[in-house]
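Trainee: This is the structure, below, for whatever I ask next.
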Amino acid sequence: MTAPTEAARGLPVAGAAEARRAAVRLVREDGRAVVAMLALNGLAAAAGLGGPWLLGRIIDDVRAGAGTGHVDRLALGILCFALAQLLLGRFARYAGYRFGERTLARIRERFVERALALPASVVERAGTGDLMTRGTADVATVGTTLRDAAPEVSVALVQVVLIMAAMLAVDLPLGVCGVLCLSGIWFATRWYLRRAHAGYLAEGAADSALAEVLGSTAAGARTVEALGLEERRIAAAAEAIENCRATRTHTLNLRSVLFPVVEFSYVAPVAGILLIGGALRGTGAVGIGAVVSCALYVWQLAEPMDKALLWLDQLQRSNASFARVEGVGRIDAPVVTGGARPADDRIDVVGVRYAYQGERDVLHGVDLTVRPGERLAVVGPSGAGKSTLGRLLAGAEVPRTGRVTVGRVPVAELDPAQLRRHVVLVSQEHHVFLGTVRDNLGIAAPTAGDRELRAALAAVGGDWVDELPDGLDTALGAGGHRPDAQQAQQLALARVVLADPHTVILDEATSLLDPATARHTERSLAAVLRGRTVIAIAHRLHTAHDADRVAVMDGGRVTELGSHDELLAADGGYAALWRSWHGG
């Protein structure tokens with residue numbers, strides 16, 4: 001079971017070597033804490049070795065005739081070693097927990113930075129479910145490992161190494177016997193590790209797919225109900241759930257093989273040491289104290305090895321999650337030179353072809369020039385490529401061939417901040433951020449005062465804000481005022497007014513308003529945006545009637561270009577659309 005399909009349809013996954021390099025960088029950033037954690041763990045493990053060794057001494061000394069005072073002193077030593085191990089182990093875990101929380105904070109911060117830097121087109125193609133799952137479930141899994149598994153496993157591994165060394169030091173033949181009897185754990189673990197990483201990557205991909213299905217169904221619940229798509233969405237959810245079940249069953253089967261083998265491997269070394277020790281004791285080659293000490297050391301190995309192997313599943317899950325989290329950083333941001341500055345506000349589209357990932361071209365050699373200060377309407381039937389052209393003009397997508405320039409500078413060479421000072425795209429999908437009305441508007445103009453904010457709202461018909469209990473300071477969203485679709489759209493348009501770009505692309509920006517309000521809002525925007533370039537993508541042809549020029553698109557091409565009157569006189573596709581819209 002593998003996960004290459006996730007990378008193909010979603011966000012990429014970091015390779016094993018890349019994930020290891022990222023983990024090493026994180027460790028280096030807090031190197032002192034790691035050294036302190038390992039040192040304390042080593043001291044705690046060393047203190048734990050004293051008890052079995054002293055117990056073996058007690059047995060041999062009693063057989064040699066030692067008195068109770070000598071035994072009491074050795075017993076006190078055992079107590080002191082146990083107390084030292086307890087205290088050192090406690091401080092080691094404390095150091096490990098602090099390291100884990102600091103490192104997790106760095107991972108979260110970097111993930112947010114990378115996620116916010118992703119091109120919108122990448123997120124749209126991958127699906128928000130994938131990004132959301134990586135930012136929540138995967139980061140939480142990595143956090144659990146850093147906070148709990150890493151300290152526990154580091155303690156266990158140090159203990160295992162020191163216990164084995166002590167066992168070999170007490171008696172080499174018995175120590176070798178104990179180590180060889182543990183070899184079953186080695187082979188079972190290697191078998192598990194070869195399969196677990198791919199299994200957990202597939203499980204993470206299935207989680208992302210399920211989140212995407214459930215999220216999109218919930219977001220489009222009204223559409224699902226209106227079009228009677230309930231059965232289809234239920235089937236899609238059932239398929240995603242079944243895929244999740246299958247991937248989890250696969251990883252469960254891996255664990256069901258590993259853990260029984262491990263449990264048996266704990267018993268075999270003790271039995272082997274007792275049998276061989278008994279035989280060697282009969283020949284006088286080893287003392288009974290050494291046999292007891294080695295048996296206790298092997299028995300003592302069970303706890304740290306059991307702990308390490310129980311966390312092994314979590315480590316594999318975390319390894320896959322960390323690869324998914326780091327994979328977000330593998331997406332190359334568009335190359336931005338930032339050196340050239342647009343000479344003017346003219347927009348040129350020359351020979352542009354564009355295809356969505358894995359699909360055929362949706363734009364075919366589009367040529368178009370938008371003059372500064374012009375109002376251009378782009379009309380045409382659904383699927384003609386209007387919205388795609390708008391995204392290319394705004395720099396949200398990059399053409400496959402051809403070029404889109406602003407002031408003779410390619411849009412792709414402008415950094416986002418500079419580009420947004422020139423071109424802003426307003427689509428029919430609007431987002432209301434958690435916070436106040438002021439917060440939602442301040443995104444576009446952080447230094448704007450109340451007068452400017454209210455003027456921007458008034459320009460787009462947003463007078464409803466004055467009726468809110470706290471005006472601009474009214475909280476929006478859960479627990480506050482819930483804007484309807486029309487109000488959300490007006491907030492988005494007000495942000496455009498505040499951003500004050502020289503070119504505004506309105507992609508069905510008033511589609512959620514009722515016709516009367518939409519007409520009023522468009523006229524208000526026209527007054528506010530007078531002198532700026534406005535590219536309006538719309539189905540309502542009154543927008544075209546008011547424009548300086550109209551570009552008609554059909555089949556991914558600009559088929560007609562001219563003023564409203566010129567296109568009506570030409571009696572072509574636009575004239576047919578106009579007559580159809582007017583019912584004539």
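Trainee: [x] 22; [y] 27; [z] 48: which one is percent of Cα pairs over 40 Å apart as calculated from this entry?
Mentor: It is the value labelled [z].
Trainee: In nm, to one decimal, how far is the Ala75 label point from the Asp61 one, both placed 7 Å along Cα→Cβ?
Mentor: For the pair Ala75/Asp61, the computed spacing is 1.2 nm.
Trainee: Still on this structure, please answer the following. Using Cβ contacts closer than 10 Å as the measure, can you line up Cys177, Cys244, Cys80 from fewest to most?
Mentor: Cys80, Cys244, Cys177
Trainee: Now for a different question. Within 10 Å of each residue's Cβ, count the other Cβ atoms and sort Lys307, Lys386 from fewest upward.
Mentor: Lys307, Lys386
Trainee: Still on this model: Kindly provide the helix-only [θ] at 222 nm of the chain, computed as the sum of -39,500 (n - 2.57) over DSSP H runs of four or more divided by all residues, to the nearest 500 deg cm²/dmol? Let's see the in-between values first.
Mentor: Values: 22 runs with 371 residues, N = 584.
Result for the chain, helices only: -21500 deg cm²/dmol.
Trainee: Same structure again: If you stretched the chain out fully between Asp415 and Asp463, how much longer would it get, using 0.36 nm times the residue separation minus the C-alpha to C-alpha distance?
Mentor: 13.8 nm
Trainee: Helix 31-63 versus the longest principal axis of the chain: what angle, 0 to 90°, nearest 10, using Cα atoms?
Mentor: Once rounded, the angle reads 20 degrees.
Trainee: Residues of region 345-365 with amide nitrogen under 17 Å from the 7 Å Cα-to-Cβ point of Thr559?
Mentor: Under 17 Å, as judged by backbone N against the label point of Thr559, lie 362-365 of region 345-365.
Trainee: To test your reading of the geometry: what angle, between 0 and 90 degrees and rounded to tens, separates the Cα axis of helix 485-499 from the longest principal axis of the chain?
Mentor: 80 degrees
Trainee: Between Ser256 and Val27, what is the label-point separation in nm under the 7 Å Cα-to-beta-carbon projection?
Mentor: Simple spin-label model gives 3.5 nm for this pair.
Trainee: Let me ask something else about it. Quick one: Thr249, Thr436, fewest Cβ neighbours within 10 Å first, how do they rank?
Mentor: Placing the least packed residue first, the sequence is Thr249, Thr436.
Trainee: 5 Å is the cut-off here: which amide hydrogens, built 1.01 Å from N in the peptide plane, fall below it relative to Val558, excluding neighbours closer than 5 in sequence?
Mentor: Amide H neighbours of Val558, under 5 Å, 5+ apart: Asp367.
Trainee: Something else now. Can you list the residues of region 136-155 with backbone N under 18 Å from a point 7 Å past the Cα of Leu214, pointing along Cα to Cβ?
Mentor: Once the point is set 7 Å along Cα→Cβ of Leu214, 136-141 turn out to lie under 18 Å by backbone N, inside region 136-155.
Every number here is computed from the coordinates shown, using simple stated rules; none is lab data. In this text the structure is predicted, and so the values were computed from the model without any measurement. Here Cβ is always computed from backbone atoms with ideal geometry, including for glycine, and neighbour counts include all displayed protein chains.
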